[in-house]
Amino acid sequence: MHQVSPNTAYSSVTRWVLTALAVIILLVAAWIIRGILMLTLASVILVVMFTMPIRLMISHGVPRTIATIASLILVLLLVVILIGTALPTLIQQFTVLATVIVPQGVEALAVRWTNGELLAQYPFLSFLQDLDVQPFLDTVGSQFATALGQLGVQVLPVLGGVADTVLSVLIVIFLSMYLLSNPQMHQEGLIKLFPLWYRHRVREIIARLDLMLRGWLRATVISMAFVAIATGVGMALLGIQQAAALGVLAGVLSFIPNFGPIIALIPSIAVGIVQAPENLGWIIVVIYGVSFIQSQIVTPILVAGSIRLPPVLVLLGQIVAGAFLGFLGLMLAVPITAIIMILVQEVYIKDMLGDLSVNETLAAPDEALLPDGV
């Protein structure tokens with residue numbers, strides 16, 4: 001019978017203890033610099049988004065430098081066109097929502113609740129009739145009106161103060177530009193931090209992460225556009241004057257799965273109470289109907305073959321990321337959860353446990369690495 005020598009057992013225990021200590025140290029360090037890590041992740045996502053048209057141009061024979069410049073110019077033109085055409089109208093509608101419609105809607109909702117009209121129209125709310133909802137409605141209305149007003153003027157106030165927001169945006173932009181200038185160099189520098197015998201696995205893991213991020217970005221952008229257009233059209237058909245603003249708001253909030261539709265529903269109901277109280281039920285149907293189509297039909301079709309996240313992991317990831325990483329963590333909870341899942345599958349289950357049967361979605365050989373340094 002084979003006997004395990006004490007030295008071998010001691011060496012194995014020592015290796016596991018050192019590995020555990022290294023993991024703990026890395027986790028503590030990551031927690032200390034979590035803000036920087038979140039901005040870095042946002043920069044990487046931005047770079048991946050920029051490289052998507054670059055990849056397409058390179059595949060058609062366009063040199064990398066020209067493709068990069070053309071991609072940046074295209075994005076800049078799109079931003080200028082949106083700012084010059086749609087932004088003034090949206091700001092005006094957001095201002096009206098914040099200063100007039102939402103406060104009036106909250107007040108009308110409180111009145112209809114007090115006099116019993118709302119319960120008569122929707123009997124299933126009878127279990128709430130003994131509750132005093134006035135303080136809750138006043139608080140929600142004032143806070144959301146303030147948020148909408150800031151959104152129309154400052155665009156991204158929810159990330160913190162104005163100075164912090166500007167600083168964070170500048171950090172993300174500069175990090176993205178540095179990474180975009182020579183991404184292959186940064187990728188190879190990261191790979192060289194690992195032992196020689198493991199570098200081929202690092203390349204495979206990076207390839208899978210890259211494929212996942214591209215699939216998630218493609219699905220997110222298209223589904224946000226779908227939600228904005230479908231919600232705006234639905235609100236317009238129901239007689240809502242600020243349909244465009246509500247559609248854009250719903251599209252932006254759809255970036256946050258599960259919680260986005262709940263937040264988008266609040267101003268929609270406030271507006272509906274003022275402008276179309278008879279269609280209040282249909283407003284709820286539009287918001288959640290569009291959200292259901294997006295989450296159950298549009299997104300699964302778009303992300304097929306690139307990312308497979310169980311819904312329970314998405315929800316748990318949002319709760320944990322929101323609690324420990326704040327609003328930016330809540331926004332990026334899906335890619336963070338997907339990255340952790342891929343790392344657990346590739347590093348722990350496959351490499352450490354030796355189980356190669358776990359489901360995997362790797363890029364095709366021609367997509368495994370960024371072409372021409374992209």
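Odds and ends about this structure:
- Rolled with a 1.4 Å probe across the full set of protein chains, the surface gives H200 an accessible area near 100 Å².
- The Rg/Rh ratio for the stretch 271-341 is 1.13, where Rg is the radius of gyration of the alpha carbons and Rh is the Kirkwood radius.
- Over the stretch 223-341: Rg over Rh, Cα atoms, Kirkwood Rh: 1.02
- Expressed as a whole percent, the accessible area of the stretch 173-283 that falls on carbon and sulfur atoms is 75 (1.4 Å probe).
- Estimated inter-spin distance, L353 and A323, nm [label 7 Å along Cα→Cβ]: 2.4
- Heavy atoms of I32: accessible area, 1.4 Å probe, square angstrom to 10: 130
- Per-pair calculated FRET efficiency, R0 = 35 Å: V166 and R308 via Cβ, rounded to 0.05: 0.40
- FRET E, pair I33, I284, Förster distance 30 Å, beta-carbon r, rounded to 0.05: 0.10
- Karplus-based coupling profile of the stretch 193-210, in residue order and whole Hz: 6, 9, x, 4, 5, 10, 5, 5, 5, 4, 4, 5, 5, 4, 4, 5, 4, 4, with θ = phi - 60° in 6.51 cos²θ - 1.76 cosθ + 1.60 and x standing for Gly or Pro.
- FRET E, pair L190, V75, Förster distance 35 Å, beta-carbon r, rounded to 0.05: 0.85
- Accessible surface, per residue, of the stretch 172-291 when the full set of protein chains is kept, probe 1.4 Å, Å²: 45
- R308, R218, R201, reordered so the largest accessible area comes first (probe 1.4 Å): R308, R218, R201
The values are calculated or read from the model by the stated rules, or taken from the named source; none is laboratory data. Computed from a predicted model, the values in this text were never measured in an experiment. Ideal geometry is used to build each Cβ from the backbone, glycine not excepted, and the neighbour counts take in all protein chains shown. All accessible areas refer to the heavy atoms of the entire protein, side chains included, with ligands and DNA or RNA removed. Shrake-Rupley method; radii C 1.70, N 1.55, O 1.52, S 1.80 Å.
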